[in-house]
């Protein structure tokens, strides 16, 4: 499925380039990430290693799916954007991964999510206290690491971007939780929440490597804007996949976000539309919101399919696909006004292509 | 009660000076702390205001006990130690308070503590998710604030001290949790845990103001050492009060730490001693450790009193009082080798006196 295919030309060559890019970033980042996590006091090191998929619940080494690695890839490209070697971006890549995983550990506990990447979440395996504690430790470690990168001025600039992104990430989670209890959420509110929850850390990833590589604020800010809108494009695609994604690709249940009554972009855009489909959808979802979790879990496939059909009929699917494309255009457009090595510009564009055409 | 009265001379004059010092630090720090907390996205601002005792559970303004304010007082004195105005230390004082309160929010939830300073804890009132989230937000805010203080080099130096202290604080909590599940803990392990959990943040408070005031690393390190050992003295006194403190002063139950089966300094020192009392104590506590929480809560006063008597007979109380005095001496001694304004040196000593003679 291509929810928002942005450009018809050469998808396979671009996809191949991105695969190589993500592999390179894993190869450069993972050893540094493992070394950082190895510094945690026991048993936090073990709990963190489980979370990252390096060991199973019994402590045996595994090769679990460790995620797409888009953030570290961005941080390394960001260093290259400043004319530095990719390696210069590694502390930024590691710090951003640590912050991202801090938020996953805490969000899974707050949201009561029992599974992540086909495995039991940390709080299910090691208990809530360890999920809180190890999340805290990863967040603290991120700050320590970035402050040890480069000279004082560089470290302060990089750390400021990381700290601001972290706070936005937390604001986004607060908004996400608050929206669950509200009947209506506007499209603007949803975009603000997604900008905080997804955009801020991608903006940080896309700019922090450049800061470490000695870029001026103008280049770093352009990369930040690219990353922020890439994050919003990523999230719009995620919201499409959360409803219409193929369970075989996503690893989630069918109609996943509808089962969680998530007020994602397609839902809020559909509810904001005029016409009978929007009206019927709003009436259904308002009634759904009053149901208990148990009642809701008894719904059959046809009931979710009906809601998805109404969202599509009201234009929520198309609006979100268009929004992904708009955010993609803004992201790539932000790079138009700055000097970049040609190969880096190509790779940043290829990564943006990958983000909007992915199927998981 | 004076668990470890360090010096006989002029307790009342010194106590008066400390009261003024703590009042000054509250007056300087609280507005900045309130402004910082006010920047949090709703409803986190409200939850944090409840935690700090500025509003009650229904949102009405209150004047609850907001704690001793030793940490902010240290941060302001620290700036004066570098020859700067106390105000220069305010961002450090606020950042340290934010980190301290982040850890309280998370620790109360991890430990299942329902009361703090005679009020329901945040997770009891606002739920576990808000306790996690607001803790995260305060921690993130601390980093942002300190990175905005002073020029790049100053901000980086101050932020590094805060980040290192935060990670030690989290390590200490990890050790504290791990000790609960162990039959024996050595005195050294207990001191390491307390050094992390209490010493590190007091060390940071005592040095961060000086860094903001432009001190060289030698002075900042001496103040750090002072703060670390002051923290260990503080904790030794806390451990004495946790068993023998007067409930009317501490606001806790009698034998509070024994009720929680805490392996505090008097307990581990007594268990490490030779002789029949140590043997009987160890046998009792080993049996206690196997009991359920419910069985244990049915204990009557006499059973806790018997354990406290054995700890005292085995020398755990005296050893801890001596240890408080040793840590006090090391703290004050760390300042001997550095140049300080005379008034600041007096105040740092008075604060150390206050910490070891307090009764709550």
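Quick notes on this one:
- Flag for residue A:178 being out of contact with any strand residue (DSSP E or B) (no Cβ under 8 Å at 6 or more places or on another chain) and at pLDDT 95 or above: no
- Among the residues of the stretch A:282-301, the ones that are surrounded by 13 or more Cβ atoms within 10 Å (Cβ to Cβ) and either modelled with pLDDT under 85 or within 11 Å of residue A:259 (Cα to Cα) (or both) come to 3 in all.
One line per residue, one yes/no per condition, for (1) under 25 Å from residue A:141 (Cα atoms); (2) assigned to a helix (DSSP H, G or I); (3) in contact with a helix residue (DSSP H, G or I) (Cβ under 7 Å, 6 or more places away or on another chain):
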| site | (1), (2), (3) |
| --- | --- |
| B:189 | yes, yes, no |
| B:208 | yes, yes, yes |
| B:220 | yes, yes, yes |
| B:236 | no, yes, yes |
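- Selection status of residue A:138, within 24 Å of residue B:106 (Cβ to Cβ) and facing chain B (nearest Cβ under 7 Å): no
- Residue within the stretch A:67-86 that is within 14 Å of chain B (Cβ to nearest Cβ) and within 20 Å of the chain's Cα centre (by Cα) present: no
- In the stretch A:93-104, residue surrounded by the fewest Cβ atoms within 10 Å (Cβ to Cβ) [restricted to those that are within 11 Å of chain B (Cβ to nearest Cβ) and farther than 11 Å from residue A:162 by Cα]: A:103
- Take the conditions (1) in a helix (DSSP H, G or I); (2) farther than 25 Å from residue A:192 by Cα; residue A:299 misses just one of them, which is (1).
- Of all the listed residues (B:167, B:228), the sole one being over 23 Å from residue B:288 (Cβ atoms), at pLDDT 95 or above and under 12 Å from the mean Cα position of the chain (by Cα) is B:228.
Residue-by-condition table, conditions (1) over 30 Å from residue B:209 (Cβ atoms); (2) under 20 Å from the mean Cα position of the chain (by Cα); (3) crowded, with 20+ Cβ neighbours inside 10 Å; (4) in contact (Cβ under 8 Å) with a residue 12 or more places away in the chain:
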site: B:106; (1), (2), (3), (4): no, yes, yes, yes
site: B:113; (1), (2), (3), (4): yes, yes, no, no
site: B:117; (1), (2), (3), (4): no, yes, no, yes
site: B:121; (1), (2), (3), (4): no, yes, yes, yes
site: B:130; (1), (2), (3), (4): yes, no, yes, yes
site: B:136; (1), (2), (3), (4): no, yes, yes, yes
site: B:148; (1), (2), (3), (4): no, no, no, yes
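- Selection of the stretch A:243-266 for residues being in contact (Cβ under 8 Å) with a residue 40 or more places away in the chain and either more than 18 Å from the chain's Cα centre (by Cα) or not in a loop (DSSP other than H, G, I, E, B) (or both) yields A:243, A:244, A:246, A:249, A:250, A:254, A:255, A:258, A:259, A:261, A:265, A:266.
- Filter pass, residue B:22 being within 13 Å of chain A (Cβ to nearest Cβ), under 30 Å from residue B:226 (Cβ atoms) and surrounded by fewer than 23 Cβ atoms within 10 Å (Cβ to Cβ): no
- Meets criteria (closer than 20 Å to residue A:75 by Cβ and part of a helix (DSSP H, G or I)) for residue A:353: yes
- Selection status of residue B:88, farther than 14 Å from residue A:132 by Cβ, in contact (Cβ under 8 Å) with a residue 60 or more places away in the chain and buried (at least 22 other Cβ atoms within 10 Å of the Cβ): yes
- Residues of the stretch B:176-191 satisfying the condition of being within 14 Å of chain A (Cβ to nearest Cβ) and surrounded by fewer than 16 Cβ atoms within 10 Å (Cβ to Cβ): B:180, B:181, B:182
- Whenever a residue of the stretch B:30-53 is away from chain A (no Cβ under 14 Å) and in contact (Cβ under 8 Å) with a residue 60 or more places away in the chain, its partners that are part of a helix (DSSP H, G or I) and surrounded by fewer than 20 Cβ atoms within 10 Å (Cβ to Cβ), lying with C-beta atoms within less than 7 angstrom and at least six residues away or across chains, give the pairs B:50/B:125.
- Applying a threshold of 6 Å to beta carbon distances and a minimum spacing of six or more residues, or different chains, the list of pairs starting in the stretch A:154-175 at a residue that is more than 7 Å from chain B (Cβ to nearest Cβ) and touching a residue at least 40 places away in the same chain (Cβ under 8 Å) and ending at one that is surrounded by fewer than 24 Cβ atoms within 10 Å (Cβ to Cβ) and in a helix (DSSP H, G or I) reads A:169/A:103.
The values are calculated or read from the model by the stated rules, or taken from the named source; none is laboratory data. Every value quoted in this text rests on a predicted model; they were computed, and no experiment measured them. Note: ideal-geometry Cβ built from the backbone for every residue, glycine included; neighbour counts use all protein chains shown.
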